[in-house]
1. Roughly what % of DSSP beta bridges within the range 32-234 run antiparallel, to the nearest 5?
2. What list of ³J(HN,Hα) values in whole Hz, one per residue of the range 615-623 in order, does the Karplus curve 6.51 cos²θ - 1.76 cosθ + 1.60 (θ = phi - 60°) give from phi, with Gly and Pro shown as x?
3. Just want the ordering: 80, 285, from fewest to most Cβ atoms lying within 10 Å of their own Cβ.
4. Can you list the chymotrypsin sites (Phe, Trp or Tyr not before Pro) in the range 321-361 that are in a DSSP coil and have 10 or fewer other beta carbons within 10 angstrom?
5. Quick check on my link table: of 75/508; 104/508; 274/314; 45/75, which ones sit more than 27 Å apart, alpha carbon to alpha carbon?
6. How big is the shadow of the Cα convex hull of the range 32-234, averaged over all directions, in nm²?
7. If you line up the Cα atoms of the range 445-491 on their principal axes, what length do they span on each, largest first, in Å?
8. Step by step: find N for the range 107-193, compute 2.2 N^0.38 Å, then divide the Cα radius of gyration by it. What's the final number?
Amino acid sequence: MPYNNNGSFLWKTVLALAIAAAAIGEVCAQERATFDVPRAAAPPKIDGILDDEAWQQTPLVLGDWISYNPLYGEKLIFQTEVRLVYDDKNLYFAFHCFDPEPAKIRTTISRRDSIFNDDWVGFSLDSANTGQTSYHLIVNPNGIQMDALNTPSSGERWEADLLWDSAAKLTSDGYIVEIKLPLQSIRFSGGNNVNMGILFWRRISRTGVSSSWPDIPPGQWVFNRHAHLVFGELHQRRLLEVLPSVTHSITQLRAAQDRWNPWINDSSVGLNAKLGITSNLTLDTTINPDFSQVESDAFQVQVNQRYPIFYSEKRPFFMEGMGLFNIAGTGGDGNMRTAVHTRRIVSPAWGSKLTGTAGKFTFGLLDASDKTALNLDKELFTIARATYSLRQSDYIGAIVTDTEYAGRHNRVAGGDFSIRPSSTQQLSATFLDSETGIRSAAVVRGTASQISYTYSTRRVTSATQVEHYGRDFQMDTGFYNRTGFTSGWTYGEVDFYPREDSHSIVKKIYPFYWNKYGRDEIQNGNERFFLTGIRFAFTRQGYLDVDYGFGREPWANERFKTDRINTVGHVQLFRWLNLDGNFQKGYATFYHPSNPFQGKQLAGNIGITLQPNQHINVYAQYNGVQFNRASNGEHVFTVHIVNLQGTYQFDKHFRVRAIEQFDTAQHVLLTDLLGMYELVPGTVFYVGYGSLYEKPAAQARQLVPNNFGNGYLTTNRGIFLKASYLHRF
């Protein structure tokens with residue numbers, strides 16, 4: 001594989017491909033359906049009943065809805081009627097989802113964004129009609145919402161929470177959903193004959209099949225299939241939102257085994273504001289924000305981990321619009337998870353974010369000051385991102401990041417592109433150049449780059465990625481596993497469909513392979529891994545993967561086996577019972593920096609979700625790892641992790657939740673009780689209690705004997721209250 005220290009081979013290739021991408025220009029777009037949306041004489045009442053005057057029109061003439069997951073091409077046999085109107089303030093959608101067996105419809109009263117396993121219906125709306133940003137709004141038969149912001153580089157980001165209204169009702173012939181989407185919640189260019197992109201989708205839980213109109217062929221996504229909506233005249237009122245928040249906590253830390261420190265009271269007042277400078281340009285600001293983690297991170301195995309543990313962002317200010325800041329080639333099997341991981345900004349004193357569109361440009365600018373520094377200096381973060389739409393989801397982009405702290409700086413600049421040479425192919429590439437310096441010391445520079453290609457049809461899928469990360473590359477804002485290597489991987493699968501009808505239990509069978517080869521400069525060795533197996537997609541959202549892999553990895557100037565066998569599966573066995581789990585057995589490396597050795601590892605997890613009625617959700621998960629020395633079978637460590645969560649959702653606004661998490665490696669037990677009332681996203685009230693139990697001898701987070709007996713001590717406990725109120729002018 002071509003390789004040198006500055007990644008010049010990949011950089012030259014990226015430049016050549018970028019020039020080719022820019023030369024593609026505009027091509028003839030596929031003819032798409034167009035609908036002129038009528039204006040409502042009076043706004044419909046959002047109550048799940050289609051008796052309003054606005055809904056007495058003929059449904060949209062859509063044709064067949066076609067399945068796209070887990071298989072493509074199966075007609076949805078249940079009829080779905082869609083109606084759409086608008087007025088000066090909102091877009092209104094109505095869905096009548098027919099079902100000949102309404103008793104089999106699966107629906108729950110749950111928290112927002114937790115209805116993946118239910119029946120649901122919704123749409124993808126490209127309101128700016130640029131092919132670069134789309135709002136995904138989904139509702140289940142109880143009116144529970146799920147929404148995401150979708151971009152070509154990041155895919156669907158479910159962290160985003162829009163302000164919109166929905167209602168739904170089960171009926172004797174299926175269910176009805178109504179949606180009201182305020183114009184102030186979306187971005188578009190106002191005026192006459194406003195054009196937006198639209199795609200509708202629906203999921204039937206008991207078959208495990210999702211369908212859409214227009215159809216989504218393999219290898220394509222919503223931006224390549226949107227139909228057109230035309231609004232005669234549409235203008236957005238100036239957006240102004242304020243979100244004050246108040247947090248008060250009472251905590252107590254243990255001073256010794258037999259006594260506590262005094263209780264500590266802490267109060268904080270913060271303010272977020274959002275200003276719509278234009279209908280396409282929005283400024284978000286925050287001062288002294290409350291970025292407390294209301295939702296606890298689930299415990300993960302952290303013993304003998306080669307790469308860092310990733311935790312998702314959960315803080316509202318950062319979540320909204322973050323898909324705009326990612327770059328091509330991240331996530332998946334690549335080295336970089338995301339170019340902008342905002343959890344690195346631990347406790348900002350202030351922050352601002354400017355996002356918008358201008359013609360074919362989409363852009364964002366994020367600034368924040370992190371006050372967690374150990375001295376008086378604050379770490380300053382600046383992140384700028386822009387993309388230019390070529391056509392549909394194709395784009396060329398640029399990103400610049402800068403962090404400054406105590407005389408140290410880290411600056412990264414780069415570009416990326418993603419194009420579709422045809423409906424079955426996708427090509428992307430990224431190049432990043434970093435500069436890091438500390439006061440008068442010499443500046444260190446490094447590069448990172450990747451090229452990815454995917455070919456996908458109904459029968460065959462193949463993908464390839466080549467990436468290089470120089471040993472001196474640094475990106476403070478990004479989340480990536482390692483530097484100092486060059487590698488490439490290829491993936492291929494062939495899809496078989498045993499019986500293409502709605503009564504078939506096995507929907508798809510697809511044998512696959514994955515092959516990787518590379519050179520690790522820091523660990524001084526070549527790495528390779530070959531994986532092959534077979535996967536099955538069933539009804540009831542069933543999935544099963546059985547595979548076997550073999551290979552070698554370098555570590556500390558040695559090479560170790562990575563052979564292993566693995567199986568993964570999940571199934572919605574009954575409406576009230578979901579099972580998931582995986583099992584893995586094989587060789588593994590003990591990652592000691594100077595004294596590594598070959599080990600054998602047995603690992604697995606099992607999860608059970610119980611939903612005895614629409615209000616109760618109980619999830620229990622067990623993770624276990626056992627590691628032995630391969631040469632003599634000596635036991636090295638065993639880790640047991642248990643995550644338990646129970647939720648009672650009184651209605652779509654009010655819920656109570658309890659969490660228990662236990663980790664034998666860290667010797668900790670976490671309990672977390674929370675009551676939450678959410679009127680709309682932003683207007684919420686929390687009250688909670690949390691406590692942390694630890695073994696006294698394990699304070700250093702090491703696998704050591706407990707010298708004080710087998711009991712756990714409560715080392716930290718506290719009560720917190722949080723309230724915030726969103727007001728839109």
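1. Antiparallel: roughly 90 percent of the beta bridges in the range 32-234.
2. Ordered by residue, 3J(HN,Hα) equals 9, 9, 9, 10, 10, 10, 9, 10, 10 Hz.
3. 285, 80
4. Hits after loop and neighbour filter: nothing returned.
5. From the list (75/508; 104/508; 274/314; 45/75), the Cα-Cα distance tops 27 Å for 45/75.
6. 10.5 nm²
7. On the principal axes, the range 445-491 reaches 43, 20, 14 Å in Cα extent.
8. 1.16
Bear in mind these aren't lab numbers, they're just calculated from the coordinates by the rules spelled out. Not measured: the values here are computed from a predicted model. FYI the Cβ positions are ideal-geometry reconstructions off the backbone, even for glycines, and counts take in every protein chain you see.
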